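Comments concern the structure below.
The values are calculated or read from the model by the stated rules, or taken from the named source; none is laboratory data. Owing to the predicted nature of the structure, the values given are computational and were not obtained by experimental measurement. For neighbour counting, all protein chains shown are included, and Cβ atoms are generated from backbone atoms with ideal geometry for every residue, glycine included.
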Amino acid sequence: MFDLSGKTALVTGATGGIGGAIAAGLKARGAKVIVTGSTMERAEAARERLGCDAALAADLGDRAAVDALAKEADALGPVDILVNCAGITRDTLMLRMKDDDFDKVIEVNLTAAFRLSRALMRGMLKRRGGRIINIGSVVGATGNAGQANYAAAKAGLVGLTKAIAREVANRGVTVNLVAPGFIGTPMTDVLNEDQREQILSDIPAGTLGTPEDIAAAVIYLASAEAGYVTGQTLHVNGGMAMGF
Ligand code: NAD
């Protein structure tokens with residue numbers, strides 16, 4: 001089950017906590033994995049650390065660089081599995097949020113996923129098979145004070161996922177989203193003890209999730225076994241938000 005031999009995966013944000021676990025997880029299931037990072041040095045270090053096959057660099061806030069990344073990755077692949085995992089936060093309350101805080105978060109978290117999906121979908125459709133897996137967030141469903149930009153981007157990914165899924169469902173390409181709750185990574189290491197306790201009190205499972213919890217969900221959605229699952233959001237959050 002969940003054998004990915006013969007498939008090529010492109011994982012953005014693989015220098016980060018969750019993206020790294022996803023890349024390693026896909027590799028462990030037999031996929032050839034291309035990792036990306038914002039610089040070649042970081043991408044290459046991640047490739048080596050994770051035992052993956054190739055490294056590419058692109059600033060996902062730069063549209064030309066995103067388009068070039070898609071071309072380079074397809075030349076190495078072609079890409080059968082695209083995981084849009086790179087993400088940034090620029091948290092601040094709404095009245096203080098600058099246009100640039102909003103635009104940058106939308107550009108990296110949502111627009112780059114749209115552009116990479118559009119570019120790599122063409123080959124998937126021709127080959128009549130493929131997987132696009134977006135990494136969203138529980139706050140895309142619930143909202144979160146101080147994260148209007150990030151919640152909008154993550155909710156936008158849900159709509160993008162469903163729309164593309166409808167367009168390509170009859171040609172063997174599935175499009176899904178994994179929505180992590182609070183996961184122990186450098187992104188959450190910055191929380192202080194009070195914030196951590198407050199968060200844990202909202203999680204029925206009583207612990208933060210791990211990057212491997214997210215990787216397991218991605219492996220499932222990338223597999224042949226999930227071929228009849230499309231347009232879905234798979235929440236992986238220890239029960240902190242239910243019913244979405
Ligand atoms: P992280 O900060 O460890 O990793 C983020 C990755 O995105 C890094 O590899 C970084 O290089 C890459 N990235 C950021 N800006 C980029 C740019 N302009 N160009 C290229 N790459 C860029 O964070 P993480 O916790 O591993 O998060 C991974 C994904 O999971 C993100 O989409 C995040 O929103 C989502 N998520 C995380 C949590 C959590 O609790 N950690 C919860 C919900 C959702």
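Look at the range 196-213: where a residue is in contact (Cβ under 8 Å) with a residue 60 or more places away in the chain and a partner is assigned to a loop (DSSP other than H, G, I, E, B) and small (Gly, Ala, Ser), sitting 6+ places away or on another chain with Cβ atoms under 8 Å, you get 210/184; 211/184.
With the range 165-244 as the region, which helices (runs of 4 or more DSSP H) entirely inside it contain at least 1 residues that are closer than 30 Å to residue 31 by Cα and at pLDDT 95 or above?
Values: elements: 186-189, 193-201, 211-222.
By residue number, 211-222.
Can you tell me which residue is nearest to residue 214 (Cα to Cα) among those in the range 63-100 that are of a type in the set (Asp, Glu), within 14 Å of the ligand (Cβ to nearest atom) and in contact with a helix residue (DSSP H, G or I) (Cβ under 9 Å, 6 or more places away or on another chain)? So the residue we want is 91.
Filtering the range 1-53 to residues that are touching an Asp or Glu at 6+ places or on another chain (Cβ under 8 Å) and closer than 17 Å to residue 213 by Cα leaves 2, 21, 25, 27, 29.
Listed here are the residues, each with its yes/no results for (1) closer than 28 Å to residue 165 by Cβ; (2) modelled with pLDDT of 95 or more; (3) not small (Gly, Ala, Ser).
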| position | (1), (2), (3) |
| --- | --- |
| 13 | yes, yes, no |
| 19 | yes, yes, no |
| 27 | yes, yes, yes |
| 39 | no, yes, yes |
| 45 | no, yes, no |
| 86 | yes, yes, no |
| 90 | no, yes, yes |
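Annotation: of all residues in the range 24-39 being in contact (Cβ under 8 Å) with a residue 40 or more places away in the chain and crowded, with 24+ Cβ neighbours inside 10 Å, the one that is nearest to the ligand (Cβ to nearest atom) is 36.
What tally of residues in the range 28-55 results from selecting those that are in contact with a helix residue (DSSP H, G or I) (Cβ under 7 Å, 6 or more places away or on another chain) and not small (Gly, Ala, Ser)?
Summing the residues that are in contact with a helix residue (DSSP H, G or I) (Cβ under 7 Å, 6 or more places away or on another chain) and not small (Gly, Ala, Ser) in the range 28-55 gives 7.
Inspection of the range 157-165 finds a residue satisfying the criterion of being touching a Gly at 6+ places or on another chain (Cβ under 7 Å) and over 25 Å from residue 14 (Cβ atoms).
Can you find even one residue in the range 161-172 that is within 16 Å of the ligand (Cβ to nearest atom), closer than 12 Å to residue 87 by Cβ and of a type in the set (Ser, Thr, Tyr)?
no
Please work out if residue 126 is away from the ligand (no atom under 16 Å from the Cβ) and part of a helix (DSSP H, G or I). Before the answer, list the steps.
Working: away from the ligand (no atom under 16 Å from the Cβ): yes; part of a helix (DSSP H, G or I): yes.
Taking the combined requirement at face value, the residue satisfies it.
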